[in-house]
Amino acid sequence: MSKFYLTTPIYYVNDIPHVGHAYTTIAADVLARYHRILGDQTFFLTGTDEHGAKVAEAAKARGLEPKEFCDEVAPNFRETWRKLNISHDYFIRTTDPGHEKIVSDFLLKIYENGDIYKGTYEGLYCVGCEKFLTEVDLVDGLCPYHKKKPVKQGEENYFFRLSQYVQKLIKAISDPKDPNHYQIGPESRYNEVLSKLKLGVGDISISRAEVTWGIPIPWDPTQTIYVWVDALINYYSATLITQRPNLWPAELHLMAKDILWFHAVIWPAMLIAAGLKPPKEVFAHGFFTVEGEKMSKTIGNVILPEALVDKFGADGTRYLLLSEFPFGSDGDLSLKRLEERYNSDLANGLGNLVQRLAALAQKAGVSVEPPAEKPLLDLSYRTSLDKKDFQGALNYIWKKISSTDKKIENTKPWELIKRDPQKAETVLDNLVRQIREINELLLPFMPETAAKIHEQFKGPRIGRGEALFPRINQESLTNE
Ligand code: MSP
């Protein structure tokens, strides 16, 4: 039995959970459920990032103490994940005392190993990103993600000797035989990281004198640990907090490309410096816009997962988000397109097939033996999911759905029922088995629907069932 420990980023609590966060978390959930089906010892971690200047500012704006603020808003994420049927095994918060202690020990270890020193640095800091940007990163003098001018900041800080790890990291990512080997995906991102590493990388500041909302530096409590250092360690601290020391290293860290550098370079270097193994794989998916624009509160185009769940159900939302564009690429979301695909793929496609087949099977009074054992998942489907090609896996399922539809059209069981009941039974028996196969493949993507279909078709008698995906009618469609 193999182990599969996977993580999402821990999201900043100052934001409300939006469809961007949901996208990564749903993808991770599909993989977690898939690995559980494969029989892997699966552990799925998500959580919230609660320290740093950005969260402190948000708390202040609300007139609350930072911890009070975090306690109030962190449950929003749990609640959203519950509505989307996210099956995480643990939800970590960086303000958990267990985490704080482990971060402190982790840093002390690197310090004792000689990879931390005191220095000064002046640079352009973007509070939105919680990181220093260089001139090259700026677009028209602004942070490309937050469209704000970064502020000049400089003070005496502790530094991590990242520069000392560049050669080690280059070897680790490019040589599969290296004891610290880890993969970076997709390939285009791997190439980006590799070429940036080859250009050389400077040391990084890992403490803040001016930020008080953070974990104190263990050997110098006048400074706090830089929020990103604190946050990255969550992936490791969760293994100790949950008393699973054998869980490390993680098999997979998922995130979008905005924070790949932290995961693919800074984090592995920190781990090696602390005498630990890097994760096995770091995979960055694309960034998406909404109706062609970056999602932002100012534009007012932020899509909330709750709104999607109200409209499409949890499974509809999961399906629509993962099938809209390839996982590694950038994409665009449009509510109108999601509605159209809900009607075509879910209401007319899957929903209609299930209802039609159940009605025919009932009419013919067929009785189908319950499945003897769980079938193996098809190779092509597994290959897609192993590559994190969700769209590929879904296309494969939808091909099976339309071929089952065609089979119904061709064999016309409604005519057979009158003409040749025996034949009708054989044909329907076959179709029911096909639906069951499809359902096995649907499970990681649509857990609720899969449970309903299973209930309906588990046999021997076929149940009536409700409409799985009621059509969105003309009046409720979004106007252009
Ligand atoms: N707190 C840090 C992560 C620390 S992990 C040790 C952080 N948080 S965040 O709340 O800003 O989340 C960023 C992540 O949210 C992205 O990497 C991605 O997973 C997800 N997304 C947010 N907006 C998104 C899009 N518009 N498109 C795709 N993913 C999006 O960074």
Need the failing condition index for VAL151 against (1) under 26 Å from LEU271 (Cα atoms); (2) of a type outside the set (D, E, K, R); (3) more than 29 Å from the chain's Cα centre (by Cα), just the number. (1)
Checking the structure you have, find out if any residue of segment 271-293 is without any contact (Cβ under 8 Å) to a residue 40 or more places away in the chain and open to solvent by 10 Å² or more (accessible area, probe 1.4 Å). yes
Exclusive hit being at positive phi and within 14 Å of the ligand (Cβ to nearest atom), set GLY52, GLY63: GLY52
Hey, among the residues in segment 298-317 that are away from the ligand (no atom under 13 Å from the Cβ) and either modelled with pLDDT under 95 or assigned by TED's automatic domain parsing to the domain that holds GLY128 (or both), which one's least open to solvent (accessible area, probe 1.4 Å)? GLY300
Number of positions in segment 192-232 that are under 21 Å from VAL166 (Cβ atoms) and of a type outside the set (Phe, Trp, Tyr): 17
Of the criteria (1) surrounded by fewer than 23 Cβ atoms within 10 Å (Cβ to Cβ); (2) part of a helix (DSSP H, G or I), which one ALA32 fails: (1)
In segment 325-340, residue farthest from PHE457 (Cα to Cα) [restricted to those that are out of contact with any Ser or Thr (no Cβ under 7 Å at 6 or more places or on another chain), assigned to a helix (DSSP H, G or I) and open to solvent by 30 Å² or more (accessible area, probe 1.4 Å)]: ARG337
Considering residues that are touching a Lys or Arg at 6+ places or on another chain (Cβ under 7 Å) and farther than 24 Å from ALA451 by Cα, the number found within segment 299-352 is 1
Helices (runs of 4 or more DSSP H) fully within segment 145-264 counting 1 or more residues that are open to solvent by less than 30 Å² (accessible area, probe 1.4 Å) and over 24 Å from THR48 (Cβ atoms): 166-174, 187-198
Out of curiosity, is LEU320 in contact with a helix residue (DSSP H, G or I) (Cβ under 8 Å, 6 or more places away or on another chain) and either among the hydroxyl-bearing types (Ser, Thr, Tyr) or more than 12 Å from the ligand (Cβ to nearest atom) (or both)? yes
So, first residue assigned by TED's automatic domain parsing to the domain that holds ALA274 in segment 96-113, second residue crowded, with 20+ Cβ neighbours inside 10 Å and among the charged types (D, E, K, R), Cβ within less than 7 Å, six or more apart or across chains; the pairs are VAL103/ASP230
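The values are calculated or read from the model by the stated rules, or taken from the named source; none is laboratory data. Remember, predicted model here, so these are calculated numbers, not experimental data. Methodologically, a virtual Cβ is constructed for each residue, glycine included, from the backbone with ideal geometry; neighbour enumeration extends over all protein chains shown. When the accessible area is computed, the model is the full protein with side chains, heavy atoms only, and any ligands, DNA or RNA have been set aside. Shrake-Rupley method; radii C 1.70, N 1.55, O 1.52, S 1.80 Å.
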